Each structure stands twice: as C-alpha cells, then as structure tokens.
There are 2 protein chains.
Amino acid sequence: MARVRRLEVIGIEGLPEIREGDDLVTLFMDALNDMGTEIEDGDAIVFTSKIISKSEGRVVSLPELQVSGEAMRIARATGKDPRIVQLILDEARELVRVARNMIIVETRHGFVCANAGVDESNVGEDMAVLLPEDPQASAAQLRREIEERSGKKVAVLVSDSFGRAFRDGVTGICIGVSGLPALLDRRGELDRFGKVARITKEAVADEVCAAANLVMGEFSEGIPIVIVRGVHELVLERRSESEPESGIKEVLFSKEEDLFR
Amino acid sequence: MARVRRLEVIGIEGLPEIREGDDLVTLFMDALNDMGTEIEDGDAIVFTSKIISKSEGRVVSLPELQVSGEAMRIARATGKDPRIVQLILDEARELVRVARNMIIVETRHGFVCANAGVDESNVGEDMAVLLPEDPQASAAQLRREIEERSGKKVAVLVSDSFGRAFRDGVTGICIGVSGLPALLDRRGELDRFGKVARITKEAVADEVCAAANLVMGEFSEGIPIVIVRGVHELVLERRSESEPESGIKEVLFSKEEDLFR
C-alpha cells in the first residue's frame, strides 16, 4: 500500500452563516471556487456537525420547550438549565453519568458524549443546536452529491468535538463517515521485525477529524469545512463499490464490549 | 489571534533503526537535510515515544525477567504473557481495569492506558519496549536542543497511540509537550453571536499528535518523526519564557476529577 507521507489540512473560508434548507454542497463548491482551489481525487472533506444541524433545522428555541419533572430534577442536581436538560433527555438513549454541570449520555445514534451534543454556542440567544438527525446518512449523501458534481472520488466526514475519559479537553472526533474506513484494521500485517500485529486498529476517521479541528477551531473562527488532502490511499484503495459501508458504527463499542460503562 | 488556516503534516523519511545512546536531534536534522527541508519558526515536531524509549535503552529482554506471583495470577486471568504482565505491573501506579487480554492501568507518569504502554511491536523477538522514563522531560530537552541548533522557535511533542473509552481503535495522543500548550483554554472568548464560551478547552497537543499519527502509521511504516507546520500561532504567540510550562500534566485528570474511574 502506498503510504501517507504528507498531509495538507485546508480550511475553507468565506462560507456564510448556515440556515435551514441551505444547500451545503453548493455553498462549499462556491467557496472552494472563490479560493481558487479544486477538489482532488482522494480528498477527505470534513464538515462540522453544526452546519449540517443548522441546514436540517435542528435548532431549538428554548423558551418554547416543555420541561418534564425528570428534567427539573436533573437540572437541580447538575446546576444546568432545565430546558437544556430536557433536550439532552430527548436526544439520549441512556444516561451514562450525571455529575455537577455534566451529563454524559449515549445518544440515539450510539455516541457516548457530554450533553448529548446539545450546544448553545454559535447560535442566537435562547437557542440550542442538536446533533444532526442521522450524521452517517448525511456523510453518505454529501459524498454522493460532491462526487456527482465534481467527478472526483472523495470521502466525507462529519465531525464534532467531544470530551474524553481520563483526559481533560475536547478533540475533534467523527460522527459520520463515507468513502473512508472508520477503523484501519492492521491485524495480520507484519512489523519491521516480521512480527504479526495483534491488536492494532487505528481510528483513522477520528484522527482525520482531530486534524481538521485544529483548523476549524473550537469556537469563534467560523471554518466549518476543511479538506484533508493526502489520505488518498485510504479513500481510493480501500474503497469497495459492491459492499455496503459500515461507516461510523464500526468504531462504536456496544455496551457489553465497553469496559468503562 | 491569527488563526490556523492551513496545516502541513510532513513525515521525516530515511531515519535509521534507533539504538540506545543515539542522538535523535542529529539524526532528525540529518534526515531533514537529506530531504532538502528546513525547520521553520513555529513548527511542531512530533516524536513517536518508541524512538525515545529505544534511544534511552528502555528495551527489555523478556527471557531475563523474574515473574512475581501476582503477575502469574493476572496473566492467567487475562491470557497474557506473564512476563509482559510483570512489566505492566512494574510500570503501573494503579490497576484501573483488568479484562480478557486487556489490562488498563495508570502509569507512573499518570497516563491511563492499556498495558502501561508496554509494546512488543517493532522490536526484536522476545523483546518489549517501555514508555520513555519521563516523556515530558524528553520533550523539553529535545526542544532546547533543536532550538539551539536550528535557531528557530519550535514545539516538541512526544506521541503514543492509546485506545479510548467508548470507541474502538487507537489514535495518536500526546505524552509530553514543550513549546505548545497541551490545552487551549477558550473560556471567556466570545462566539460569533457574542455569547461567552463556558466550558471549551481544546486538547490541541492531542490533536497535533492525532494528525501526526496518520503519517506515522500504526505499524510497519517507519516514520517516527513528523513536522506539523501551520500551528505557529500556538507555538509562538502563546509562549512565555518566564513562567514554567505545565506541559502534559495539564491534560491529565486527577482520579477525583475523573468520572470514569
């Protein structure tokens, strides 16, 4: 396999504030055009989940929410806004940990994260943004459209930033991926000394989203789409047109497999 | 603050197999020279922990090890090689989880990871490599030497690849960092709508190591040093020559802060 030797991580500038119904592919391709850049075969294109949520209308007005008794109880225990707690409960399949100012859940999609991804930043006063309805489907749909319109073979990843167990701070992670394996399984390959790798699976989709997050930034920068160029052998050589993609599910432990639940 | 808009991730090729006592800075600068490349102000240079360990002689011959009764018991419970279990116990401050073929510990350094970082890949038969003695000190020392010899201001990161809670696969993470903050604290900054960020700390050192890991690869590629170019505002603008660096400690939760122990 040809190896990745050099990557470029390119922030797409000049995108407008995204609203419900916006066509993200057109906006992306126009911005790319304005930058004098083109898509290349093998590019991995990372969309922050927030603009997908906004284009889907997954923005909630807090004053209009009905708050349940359970949400009120958890809000008192955690010190959080009861309306935000209600949204978190609506998005959660299961509560994993509840602590001061912190609710860790498994979302409907199967992601273990704080606050079910409900986010009050970069949206108007008294509003909150939910995770996309189905980020895996969004990744596949965006990839199809970009490939049709550009004539290039690409991967699309949907990123968010999650906290971690054991380590402070958030990093970019992947919540939907098409055209690239979420895990690169190297079991069976030989190392430089001829030993067989026993357990190594590399979470390449998460690493691509972490690299993109350095350019997106966490907060006010407004770089919601990033091209990671140079991972083409992951995008092109590992592609199977006949088998269905496993997508981001491949990276998610079931509760039984998970040592930390 | 000037923003990161574009990154380059550059694998350093042509490095020899590293042995105890090797001068990594000389080998790195020679390889860079052979590639026709130079260090630039603001470069973040990522060294995989394995070559630091090898240069420090942190390589153990398994047949020479004395195995304790405790190591034998855990080896039977986990199905692991008793000699490897002994090394893990020697490197651990505390056992966090023990399961089939899996021992999660907190290392002497404070890292929560599988097998205390003890690794049998890319080393000879019946040998294993331990984590560096003090990867934070190694990062600071490498940075000083590279800055002295190049005349450029850089950051140095020591990377390893750890598994995660909740998600399968390993990703590149940071176990030592000098010249760059481990966490970029954005609390107090305003978002695009004028709201104040409340909880966002971005683990930029881990993201830099994740990006580098895409080029290093997980297994047989032999790219042990990577330059991440384009994070100069993190390296140059946030530098304080007067205050001591907090380094990688900043990212490590104490046991009391950690929701998942």
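With neighbours defined as other Cβ atoms within 10 Å of a residue's Cβ, the residues B:107, A:26, A:48 order from fewest to most as A:26, B:107, A:48.
Which of B:36, B:65, B:75 sits closest to the plus end of the dipole of chain B, meaning its Cα is farthest towards the positive end, when Lys and Arg get +1 and Asp and Glu get -1 on the C-beta? Value computed over the given set: B:75.
Neighbour counting of Cβ atoms within 10 Å sorts the residues A:216, B:35, fewest neighbours leading, into B:35, A:216. Distant-in-sequence amide contacts of residue B:93, defined by a placed amide H-H separation under 5 Å and a gap of 5 or more residues or a different chain, comprise B:106, B:107, B:108. Against the main long axis of the alpha-carbon atoms of chain A, helix A:82-91 sits at an angle near 40°. Each other copy holds its own label point for residue B:17; taking that point as 7 Å from Cα along Cα to Cβ, the gaps run 6.1 nm, nearest first. The value of relative contact order for the range B:60-128, using C-alpha pairs under 8 Å at least six residues apart, is 28 percent. Rounded to the nearest 20, the size of the Cβ-charge dipole of the range A:60-128 about its Cα centre is 380 debye, with Lys and Arg at +1 and Asp and Glu at -1. Plainly put, the tip 7 Å out from Cα toward Cβ on residue B:81 is 5.5 nm from that tip on each other copy, the closest given first. What residue among B:68, B:53, B:246 shows peak mean-square fluctuation when chain B is described by a Gaussian network model with Cα springs under 10 Å? Top of the fluctuation ranking is B:68.
Based solely on its DSSP helices, what 222 nm [θ] is calculated for the protein assembly as shown when runs of n ≥ 4 H residues each add -39,500 (n - 2.57) and the sum is averaged over all residues, nearest 500 deg cm²/dmol?
One gets -8000 deg cm²/dmol as the mean residue ellipticity at 222 nm.
Per the Debye calculation on the protein assembly as shown with a single equal scatterer at every Cα and no solvent contribution, log₁₀ I(q)/I(0) for q = 0.05, 0.09, 0.11, 0.13 Å⁻¹ amounts to -0.19, -0.63, -0.96, -1.35.
Compute the angle between helix B:24-34 and the longest alpha-carbon principal axis of chain B, please, reported from 0 to 90 degrees and rounded to the nearest 10. Around 60 degrees separate the two axes. Based on Cα contacts under 8 Å between residues 6+ apart, chain B shows a relative contact order of 26 percent.
In chain A, the longest principal axis of the Cα atoms and the axis of helix A:69-78 are about 80 degrees apart.
Of the GluC sites (Glu not before Pro) found in the range A:106-138, those that fall in a DSSP loop while having at most 12 other beta-carbon atoms within 10 Å are A:125.
Spin-label model, residue A:243 to residue B:70: label points 7 Å out along the Cα-to-beta-carbon direction sit 4.3 nm apart. With the Cα gyration tensor of chain A giving a ≥ b ≥ c as the square roots of its eigenvalues, does the rule (a/c under 1.5 for rounded; else a/b larger than b/c for prolate; else oblate) give rounded, prolate or oblate? It is oblate, given that a/c is not under 1.5 and a/b is not larger than b/c. Each residue of the range A:119-131 was assigned a 3J(HN,Hα) from its phi angle through the Karplus expression (A = 6.51, B = -1.76, C = 1.60, θ = phi - 60°), giving 9, 9, 8, 6, 8, x, 4, 6, 10, 9, 10, 8, 4 Hz with x at Gly and Pro. Between rounded, prolate and oblate, where does the range A:60-128 land on the alpha carbon gyration tensor, with a ≥ b ≥ c its root eigenvalues, rounded for a/c under 1.5, else prolate if a/b exceeds b/c? Judged from the Cα gyration tensor, the range A:60-128 comes out oblate (a/c at least 1.5, b/c at or above a/b).
Summing charges over all other residues whose Cβ lies under 11 Å from the Cβ of residue B:52, with Lys and Arg as +1 and Asp and Glu as -1, gives -2. As a proxy for reagent exposure, A:98, B:129 were ordered by neighbouring Cβ count within 10 angstrom, fewest first; the result is A:98, B:129.
Each reported figure results from applying straightforward, stated rules to the coordinates on display, with no laboratory input. Predicted, not measured: the structure shown is a model, and the values here were computed from it. Cβ sites come from the backbone with ideal geometry, for glycine too, and all protein chains shown count toward neighbours.
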